[in-house]
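Attaching a single structure in structure tokens format; questions to follow.
The values are calculated or read from the model by the stated rules, or taken from the named source; none is laboratory data. All values derive from a computational prediction rather than experimental measurement. All Cβ positions, even for glycine, are placed from backbone atoms using ideal geometry, and neighbour counts span all protein chains on display.
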Amino acid sequence: MARRFMRFNRASVVCSVTMLAVLTAPSFAVDVAPICTPMGGEPLQSTSILSPISPPAREIHSLAALVVGVCAAIFIVVEGALLWAIIRYRRRAGDRGEPVQVFGSNPIELAWTVIPLVIVFVLALATVRTIKDVQRTEPPAGALTVDVIGHQWWWEYRIADEDGGPPVVTANELVVPVGRPVWLRLASADVIHSWWVPALNGKTDLVPGRFSNTWFEAEQPGTFLGQCAEYCGTQHANMLLRVRAVDDAQFESWRTAQAAPARDPASFAAGHSIFLRLACMNCHAIDGSSSGAFGPNLTHLMSRETIAAGMAPLNRDTLRAWLVDPQQLKPGCNMPSLQLTDPELDALVDYLSSLN
Amino acid sequence: MAIAGHAEPLPSSLTLGARVHSWVVSVDHKRLGMMYVGFGLLFFLVAGLEAAAMRAQLARAGSQLIDPTTFNQLFTMHGTTMVFLVGMPILLGMANYLVPLMIGARDMAFPRLNAFGLWLFIFGALLLYYSYIGAQGLYGTSAAPDVGWFAYAPLTSRTYSPGNSTDYWILGIMVSGFGSITTAINLIATILVMRCPGMTLLRMPLFPWMMLVTSVLVLIAVPVLTGAQAMLLLDRSFGAHFFDTEQGGSAVLWQHLFWFFGHPEVYILVLPAFGFLNEIVPVFSRKVVFGYSLMVAATVAIGFISLGVWAHHMFALGLSPEMNSFFAASTFLIAVPTGIKIFTWLGTMIGGRIEFATPMLFATGFLAMFTFGGLTGIMLAVVPFDWQLSDSYFVVAHFHYVLFGGTVFGIFGAIFYWFPKATGRMLSERLGRWFFWILFLGFNLTFLPMHVSGILGMPRRIYTFQPDRGLDLWNLLSTAGVALQAAALLLFLWNVVHSLLRGKPAGNNPWNAWTLEWATSSPPPDWNFDRIPTVGSARPLWDVANPHDPDPSPEAHG
């Protein structure tokens, strides 16, 4: 018996280890995607929902602590009772006949109906209260208003100008002032997306044909990460979010720089003409040169830290690799490979990397 | 109570073709039930392979093993398959097999409609999977649907899902949905009018009770999905604009319609498993269920409330605070009858003499895991918390605890419990225990870490994840867990094959159980019972075995 048991034991271990190898080996055998290039710069904030840096995220966090506490207590009681029943009431060698048949008990049944009712009533009250606090229907006082438009698979931001001027338009990376509420008006250009930066607030969907709102207030400077949280097609996984919170002075100088006209293309005539001649201008806007709206606005491209909606750090090399074949880095994305020759590529990269 | 029948073995002279033919043309509820379960298990293997492929891709950050489109097809097909081609057919198939036997009937009310339902399901399933061969996908290649199992508009519109793979999804599910509707009608009619003499509704075993409520839910919920899919088909093929946001259609409408089906669907998938537990837990605790009437009341309550909670899938949509509060409240409310069920099973076990045979191991595993999944469900009902957790891996973990730790564990418990009845042979207990423990370990190793991945900010349905977010270890653990589960399933397959050929003969009532299916032979004859039995309580075989201590008739209590 013991030998049979051991043999069997060995067989299952061998079987499990084989399965493990079959499942994991292929993934470790192929190269990882270029997204694994580490990004330089300041340390990034965690994407964990347990490190809130903004009032709504903080409120959710404390409500969550209460709820998890209550659930943990229920878990311990129920699983404890189960364990006790398993150990105490298992059939023993000497047991004869059937145990006493108990058909129920009104007081006990009433108790386990009413007590849970009371618990969920309390949880419901706490929930409704936090909904009222977190889900604003009006912008908080003094808020910076930003329109967020989801596209397959990148983010467009339009930061309102309080003085009535045209909004600052940028893509994928939002820069906000520390300590000031930010009111996001969410819309989508195509399918449903969801804006989720866990440190700042829970997620809110961007639904085509409909507007929704959310808000946050970064309490300390830093780069907060997140990503699209509603499945939106092929490259849903790489629709990354990046919010940089800076102090007021830095924010104002950033905004002024973004509002400035694009760099004069005169000294990059070759690259500029490629941009205008090929398909680029159909999708990408560059202030003064083109007004395409299907792709990210490139007016101040080089002020951004990343390319391809946060997939890779932005520099001449990644920009060039992207232009050679966007499908290499981001398979399925809407930007085609333009089949440029080397000199054309050099000229275009020269021009684009002048846009800061 | 001489109601035992004797199975007539098929004449051995029958050719293979004639045997297959006899199954294809059969209208016998037992054969149809077994075919449902067989096809369901087949698709369970397919869906398992799809899951394993996804986990192989997610073993490490940035892996390029599987390209994004293929990955998106994998999770779409995995979810669709598990819900429509595994959960529904296995549960409805078990009901098909068991309900007439448990209520002392010779067959279902409409045997030919029953066969029609099975073949609609099989046709729908094959139509869906034909998309892998025949559908035109994004880039002109053959392609399976890649819109996710809840297929949110407008991703499903012609603009964003060109080709016809989405149409295969619509039509395959629609056709098998018709099958589910016919089966629901059939079960309701059978349970209401075909019960044997003496079996009042309150003397009916609890599994048929669960199936009655489930069938009513199927009848209410599935036609809504069918209707929504018909509208989507009109959008895609005939220029309608129900969900076409570019022409003023509504993306939110699809979500309301889908989840009006989708949330009752969760209970459609779990109530029959509750039914399995209601049979298994008392028999192996050797004690009558603690609080039969409250269990029935809780089931009916779940049926009603489950029709009013659907928008808790849409908390992140930005609905009004009032709407969010209402659906949070209704969702909390449904926790109460669900809790009652768990307490009832605990109350049944306490004071019993529990024998941990494989069916009871799975039932106990169900209790432990479903409780956990239920509690994470309460967390998700807390709207603001849901804004963080929704659409993350936490949700993936939650519903796998409910639907795998719950429903699938219940199904395996039921298979071990009723396999002897259906085949006349016992499954190996030794292999069964190994199967349970390896599966239990693998299951938790896969899905516990997913809670952590979700809390660390990993959204669901991503083909690759970022390397700098602390997700690597948790994902690797999940993949390792799938390896254990795969090994466990190989054991199960071996157990089934081996036991079919060499298993210990079962006899009529191997578990010393109390309901009518155990009064007839194993396997039962075509006509189920030689004489239609008459019963005086919910446990007729207990009354026979313990004439000095028969169950009180519920009517006696008024």
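For B:ASN509, which of the numbered conditions (1) surrounded by fewer than 22 Cβ atoms within 10 Å (Cβ to Cβ); (2) modelled with pLDDT under 95; (3) in a loop (DSSP other than H, G, I, E, B) fails to hold?
Single failed check for B:ASN509: (2).
Further, regarding this structure: Please determine whether any residue of the range A:37-54 is facing chain B (nearest Cβ under 7 Å), farther than 20 Å from A:PRO198 by Cβ and surrounded by 13 or more Cβ atoms within 10 Å (Cβ to Cβ).
No, there is no match, as no residue in the range A:37-54 is facing chain B (nearest Cβ under 7 Å), farther than 20 Å from A:PRO198 by Cβ and surrounded by 13 or more Cβ atoms within 10 Å (Cβ to Cβ).
Still on this structure, I have one more. Of the residues in the range A:249-269, how many are assigned to a helix (DSSP H, G or I), under 17 Å from A:VAL168 (Cβ atoms) and not β-branched (Val, Ile, Thr)? Walk me through it before giving the result.
Narrowing the range A:249-269 to residues assigned to a helix (DSSP H, G or I): A:249-259, A:265-269.
Pick out the ones that are also under 17 Å from A:VAL168 (Cβ atoms) and you get A:249-259.
Restricting the remaining residues to those that are not β-branched (Val, Ile, Thr) gives A:249-255, A:257-259.
Here the count works out to 10.
Within the bounds of the range B:281-294, is there any residue that is under 21 Å from the mean Cα position of the chain (by Cα) and either more than 10 Å from chain A (Cβ to nearest Cβ) or β-branched (Val, Ile, Thr) (or both)? Steps first, answer last, please.
Within the range B:281-294, the subset under 21 Å from the mean Cα position of the chain (by Cα) is B:281.
Narrowing the set further to residues that are either more than 10 Å from chain A (Cβ to nearest Cβ) or β-branched (Val, Ile, Thr) (or both) leaves B:281.
Checked the range B:281-294: at least one residue is under 21 Å from the mean Cα position of the chain (by Cα) and either more than 10 Å from chain A (Cβ to nearest Cβ) or β-branched (Val, Ile, Thr) (or both).
Filter the range B:310-326 down to the residues that are under 21 Å from A:VAL134 (Cβ atoms) and touching a residue at least 24 places away in the same chain (Cβ under 8 Å) and list them by number. Outline the logic, then answer.
Of all residues in the range B:310-326, those under 21 Å from A:VAL134 (Cβ atoms) come to B:311-326.
Passing the criteria: B:ALA311, B:HIS312, B:HIS313, B:MET314, B:PHE315, B:ALA316, B:LEU317, B:ASN324, B:SER325.
Another question about this same structure. From the list B:THR446, B:THR423, exactly one residue is under 26 Å from the mean Cα position of the chain (by Cα) and surrounded by fewer than 23 Cβ atoms within 10 Å (Cβ to Cβ). Which is it?
Details: B:THR446 fails: surrounded by fewer than 23 Cβ atoms within 10 Å (Cβ to Cβ).
Matching residue, one of B:THR446, B:THR423: B:THR423.
Does the range B:469-490 include one or more residues that are crowded, with 17+ Cβ neighbours inside 10 Å and in a loop (DSSP other than H, G, I, E, B)?
yes
Residue check: is B:VAL382 closer than 30 Å to A:GLU138 by Cβ, of a type in the set (A, V, I, L, M) and facing chain A (nearest Cβ under 7 Å)?
Values: closer than 30 Å to A:GLU138 by Cβ: yes; of a type in the set (A, V, I, L, M): yes; facing chain A (nearest Cβ under 7 Å): yes.
So B:VAL382 passes the test.
Looking only at residues that are aliphatic (A, V, I, L, M) and within 9 Å of the chain's Cα centre (by Cα) in the range B:65-88, which one is nearest to B:ALA47 (Cα to Cα)?
Filtering the range B:65-88 for residues aliphatic (A, V, I, L, M) gives B:65-66, B:74, B:77, B:82-83, B:85-86, B:88.
So of that shortlist, the ones also within 9 Å of the chain's Cα centre (by Cα) come out as B:82-83, B:86, B:88.
Numbers: B:MET82: 6, B:VAL83: 10, B:VAL86: 9, B:MET88: 14 Å.
In this case the residue turns out to be B:MET82.
Could you list, in sequence order, all residues of the range A:228-259 that are within 7 Å of chain B (Cβ to nearest Cβ) and free of Cβ contacts under 8 Å to residues at least 40 places away in the same chain?
A:ALA229, A:GLU230, A:TYR231, A:ALA237
Right, another one. Which of the residues belonging to the range A:211-227 are among the small types (Gly, Ala, Ser) and within 11 Å of chain B (Cβ to nearest Cβ)? Even if it seems obvious, please write down each step before you answer.
Step one: of the range A:211-227, the residues among the small types (Gly, Ala, Ser) are A:212, A:218, A:222, A:226.
Within the range A:211-227, A:SER212, A:GLY226 qualify.
Oh, and also: Kindly evaluate A:ASP205 against the criterion of being in the same structural domain as A:ALA245 (by TED's automatic domain parsing), buried (at least 24 other Cβ atoms within 10 Å of the Cβ) and within 15 Å of A:TRP153 (Cα to Cα).
Details: in the same structural domain as A:ALA245 (by TED's automatic domain parsing): yes; buried (at least 24 other Cβ atoms within 10 Å of the Cβ): yes; within 15 Å of A:TRP153 (Cα to Cα): yes.
Yes.
Of the numbered conditions (1) of a type outside the set (A, V, I, L, M); (2) in a helix (DSSP H, G or I); (3) away from every other protein chain (no Cβ under 11 Å), B:PHE242 satisfies every one except a single condition; which is it?
(2)
Right, next: What helices (runs of 4 or more DSSP H) lie completely within the range A:284-356 and have 1 or more residues being in contact with a helix residue (DSSP H, G or I) (Cβ under 9 Å, 6 or more places away or on another chain), closer than 26 Å to B:THR69 by Cβ and hydrophobic (A, V, I, L, M, F, W, C)?
On the way: elements: A:316-324, A:326-329, A:342-352.
In the range A:284-356, A:316-324, A:326-329 are the helices (runs of 4 or more DSSP H) which contain 1 or more residues that are in contact with a helix residue (DSSP H, G or I) (Cβ under 9 Å, 6 or more places away or on another chain), closer than 26 Å to B:THR69 by Cβ and hydrophobic (A, V, I, L, M, F, W, C).
Table: residues versus (1) more than 30 Å from B:HIS400 (Cβ to Cβ); (2) crowded, with 19+ Cβ neighbours inside 10 Å; (3) touching a Gly at 6+ places or on another chain (Cβ under 6 Å).
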| residue | (1), (2), (3) |
| --- | --- |
| B:THR80 | no, yes, no |
| B:PRO111 | yes, no, no |
| B:PHE116 | yes, no, no |
| B:TYR132 | no, no, no |
| B:GLN136 | yes, no, yes |
| B:PRO145 | no, yes, no |
| B:ARG158 | yes, no, no |
| B:ASN164 | yes, yes, no |
| B:MET174 | no, yes, no |
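Which residues, taken from the range B:318-332, are surrounded by fewer than 22 Cβ atoms within 10 Å (Cβ to Cβ), part of a helix (DSSP H, G or I) and not aromatic (Phe, Trp, Tyr)?
Answer for the range B:318-332, where residues must be surrounded by fewer than 22 Cβ atoms within 10 Å (Cβ to Cβ), part of a helix (DSSP H, G or I) and not aromatic (Phe, Trp, Tyr): B:PRO321, B:GLU322, B:MET323, B:SER325, B:ALA329, B:SER330.
Examine the range B:520-536 for a residue that is of a type in the set (A, V, I, L, M, F, W, C) and not in a loop (DSSP other than H, G, I, E, B), and state whether such a residue exists. Working first, answer last.
Kept after step one, since they are of a type in the set (A, V, I, L, M, F, W, C), are these residues of the range B:520-536: B:527, B:529, B:532, B:535.
Those still in the list that are not in a loop (DSSP other than H, G, I, E, B) too: none.
So far as the range B:520-536 goes, no, none of its residues is of a type in the set (A, V, I, L, M, F, W, C) and not in a loop (DSSP other than H, G, I, E, B).
Of the residues B:GLY351, B:GLY347, B:GLY339, B:GLY410, which is within 17 Å of the chain's Cα centre (by Cα) and touching a residue at least 24 places away in the same chain (Cβ under 8 Å)? Spell out the reasoning first.
Working: B:GLY351 fails: within 17 Å of the chain's Cα centre (by Cα); B:GLY347 fails: within 17 Å of the chain's Cα centre (by Cα); B:GLY339 fails: within 17 Å of the chain's Cα centre (by Cα).
Criteria check complete, one pass: B:GLY410.
Is it the case that some residue within the range B:282-302 is in a helix (DSSP H, G or I), within 28 Å of B:PRO384 (Cα to Cα) and without any contact (Cβ under 8 Å) to a residue 12 or more places away in the chain?
no
Each row is one residue, and each column tells you yes or no for (1) under 30 Å from B:GLY470 (Cβ atoms); (2) touching an Asp or Glu at 6+ places or on another chain (Cβ under 9 Å); (3) not assigned by TED's automatic domain parsing to the domain that holds A:PRO331.
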| position | (1), (2), (3) |
| --- | --- |
| A:ALA199 | yes, no, yes |
| A:LEU225 | yes, yes, yes |
| A:ARG242 | yes, yes, yes |
| A:ASP248 | no, no, yes |
| A:SER273 | no, no, no |
| A:CYS280 | no, no, no |
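Inside the range B:383-438, can you point out the residues that are of a type in the set (Phe, Trp, Tyr) and closer than 22 Å to B:LEU493 by Cα? Outline the logic, then answer.
Narrowing the range B:383-438 to residues of a type in the set (Phe, Trp, Tyr): B:385, B:387, B:393-394, B:399, B:401, B:404, B:409, B:412, B:416-419, B:434-437.
Listed by number, the residues that qualify are B:PHE404, B:PHE409, B:PHE412, B:PHE416, B:TYR417, B:TRP418, B:PHE419, B:TRP434, B:PHE435, B:PHE436, B:TRP437.
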